[in-house]
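Please treat every number below as a calculation from the coordinates, not as lab data. Quick caveat: nothing in here was measured; it's all calculated off a predicted structure. Cβ atoms come from the backbone with ideal geometry, glycine included; neighbour counts cover every protein chain shown.
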Amino acid sequence: MKITINNHKKIISIQEEFNTLFPYLKLEFSARPYNPEDKLSINSLKNNNSTLGECRTIQNRNEIAITPDMTVVELEQCFNNIYGLGIQVFRKSGKGWLETTVTDGWTLKEQNKQGEALSKVSEFKNEK
């Protein structure tokens, strides 16, 4: 399974499709490439109802195909190089979301599996 990203998709649609494929991960968009030392600012996030074509800073005809075997780093680089946008992947941990900065070399499938495990441990602890 994969998600194909192009100019006509809305940011919210990309986020929803990503979350359907990876229920324990989420994508956040930024007007500039992500820098771990400069935390994502709420002000820099794109309007979720905008299309990718309206937000991008690099104009070309390329598309991105998001697959489970991509690493977080590869996905971030694709959005930066092809669209000039920053993204950050967050992994579910209990009721909260953690940045995947330390584990950016993991595939999206591995990240999602870890998020599922962390969430189930948290649910188990809450049941006791």
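Report ³J(HN,Hα) in whole Hz for each residue of region 10-15, in order, from the Karplus equation J = 6.51 cos²θ - 1.76 cosθ + 1.60 where θ = phi - 60°; Gly and Pro get x.
For region 10-15, the Karplus-derived couplings read 7, 4, 4, 5, 4, 5 Hz, x marking Gly and Pro.
State, to one decimal in nm, how far the label point of Glu74 lies from the label point of Val102, with both points 7 Å from Cα in the Cβ direction.
2.4
Suppose the chain between Ala117 and Asn62 were pulled fully straight at 0.36 nm per residue; how much longer would it get relative to their current alpha carbon spacing?
Stretched out fully, the Ala117 to Asn62 stretch lengthens by 16.3 nm.
So, counting K/R as plus one and D/E as minus one, what does the shell of residues with Cβ under 10 Å around Thr103 add up to?
Computed value for this residue: -2.
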